[in-house]
Ligand code: ARG
């Protein structure tokens, strides 16, 4: 990787100049500043109280002649502006395979948890983001050489199931539930709450049914619970399928149920948790942590969400995972701090990361006005598809029937995903259908279209053999495009290291733009001999990079568009 080599050269020179500092390479806003800008001298200057330009001079003096850097100059307050040598670009692109995974010397065993709704409660729209971000990060982490296990911590255990059991017995109709699981169960759950306000003893009944299940292992309740879970998972699977989200294991909260007595005992025996007078088991954290107390067992003996989370950490510790990544909305940050801190107090030293994300705000209009009932995720997916169909009808009449349907689905899912993954995951996002489905902007359809166009150029050129030994990159536009293609790995690694897919999304958009300017200036099919082969070769690499990049975002590329 060119970037890696340049970093190494700069690091050595910095060290020789008598400093130590991490090398960061930025992409300058204007291309004529260079391919990279390195702000290292300013960073050192700030720390050491020295003049950054003088530091930059010293570093510069220690940079030996090398095949990677064409020119390096000092600019502004002390930036090092770097131009890559075109010869190295031309050489490296020849053997570059965007489809091959990135090797790492230190592969990690990583659990990626995502798509983890509470199935007895209304599916809130936030779960949608988790599914999209989780699938993408899992793909990125795999592609960068890690051993990834995707896991779904479905909320399928807890007091709410006692309530549902009561509600189904009192007001439920199994056939109706079977037809429309989520909607019907949500209705029953709501009814339970409304009635509970009038008749407070209902709450107790619900708690009692759960207790019977958890502590007495009541057979009838267990069967009903199993049925509820399998019913509501139908809806979940359908949505996950449409979003192309995959789980290696589904270890819901109930999976940890058998381990809970041990967990409670561990907490109590170690002295980390204390028994309150009323019988609850709680963990108080030390003052300076500034974390509120957490309950792990209620006075009636019932366990909680966090008890199951702690059991999960203990379980995975036994399986030797290096990292545990939880993709969950930001509003659960405190929960995770409490759970992770408790695990640490118990002596678990794993790396636990809450990959938090913001909320999705629904657009004004149709979907946001249905107050009082959950927005079925299906509805959003369907609306996206309908809008894609409309656009296809508007733009193009070539597609009909099933072909049109399939294409609209690929565009719709891509658009929803890219809208999410192109933005920093921490920010709240809003739906902007127009922007999301635009064929020209920072959107999936634009990238899908760019990839399809490259593929179609290649099809037209057939049966021409494109062998890398026959290419000769000379024109500035060719070099620029090749450079951009070679930046793919750095973009993936940035997303992998920060657990932020938007770096990759942004890169793909830039690559598509770069290809467009290349295409506008360099005829491909009308070129001849080596020039034609060279340009087709670049087209092929662009196509592979776009498709592979989109795949890492969980987005499909259609055959035709
Ligand atoms: N089921 C929870 C909810 O819907 C999210 C689970 C998050 N993951 C975890 N390990 N606690 O709010």
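The values are calculated or read from the model by the stated rules, or taken from the named source; none is laboratory data. In this text the structure is predicted, and so the values were computed from the model without any measurement. A quick note on method: Cβ atoms are made from the backbone with ideal geometry, for glycine too, and the neighbour counts reach across all protein chains shown.
Assorted remarks:
- As a summary of the residue check, residue 305 satisfies the conditions (1) more than 9 Å from the ligand (Cβ to nearest atom); (2) in contact (Cβ under 8 Å) with a residue 60 or more places away in the chain except for the one numbered (1).
- The single residue among 196, 155 that is farther than 30 Å from residue 320 by Cα and surrounded by fewer than 19 Cβ atoms within 10 Å (Cβ to Cβ) turns out to be 196.
- Criterion (touching a helix residue (DSSP H, G or I) at 6+ places or on another chain (Cβ under 7 Å), touching a residue at least 40 places away in the same chain (Cβ under 8 Å) and farther than 29 Å from residue 330 by Cα) met by exactly one of 391, 411, 466: 466
- The one condition from (1) buried (at least 17 other Cβ atoms within 10 Å of the Cβ); (2) closer than 24 Å to residue 129 by Cα; (3) touching a strand residue (DSSP E or B) at 6+ places or on another chain (Cβ under 7 Å) that residue 483 does not meet is (2).
- Among residues of region 315-328 that are in contact (Cβ under 8 Å) with a residue 12 or more places away in the chain, those with a Cβ under 6 angstrom from a residue that is in a helix (DSSP H, G or I) and away from the ligand (no atom under 12 Å from the Cβ), sequence gap 6+ or separate chain, pair up as 327/133.
- Filter result for residue 334 (away from the ligand (no atom under 11 Å from the Cβ) and either assigned to a strand (DSSP E or B) or at pLDDT 95 or above (or both)): yes
- Residue in region 286-294 that is in a helix (DSSP H, G or I), under 23 Å from residue 207 (Cα atoms), at pLDDT 95 or above and within 15 Å of the ligand (Cβ to nearest atom) present: no
- Selection count, region 150-168, where residues are more than 10 Å from the ligand (Cβ to nearest atom), under 17 Å from residue 183 (Cα atoms) and not in a helix (DSSP H, G or I): 0
- Qualifying residue in region 260-267 (condition: within 30 Å of residue 114 (Cα to Cα), at pLDDT 95 or above, more than 16 Å from the ligand (Cβ to nearest atom) and touching a strand residue (DSSP E or B) at 6+ places or on another chain (Cβ under 7 Å)): yes
- Options 98, 117; residue that is crowded, with 18+ Cβ neighbours inside 10 Å, under 24 Å from the mean Cα position of the chain (by Cα), away from the ligand (no atom under 16 Å from the Cβ) and within 30 Å of residue 551 (Cα to Cα): 98
- Options 273, 280: the member that is away from the ligand (no atom under 12 Å from the Cβ), more than 28 Å from residue 427 (Cα to Cα), modelled with pLDDT of 95 or more and touching a helix residue (DSSP H, G or I) at 6+ places or on another chain (Cβ under 6 Å): 273
- Considering region 339-354, the residues that are more than 11 Å from the ligand (Cβ to nearest atom) and assigned to a helix (DSSP H, G or I) include one that is surrounded by the most Cβ atoms within 10 Å (Cβ to Cβ), namely 342.
- Looking across region 81-117, the residues that are more than 26 Å from residue 496 (Cβ to Cβ) and touching a strand residue (DSSP E or B) at 6+ places or on another chain (Cβ under 6 Å) come down to 81, 83, 85.
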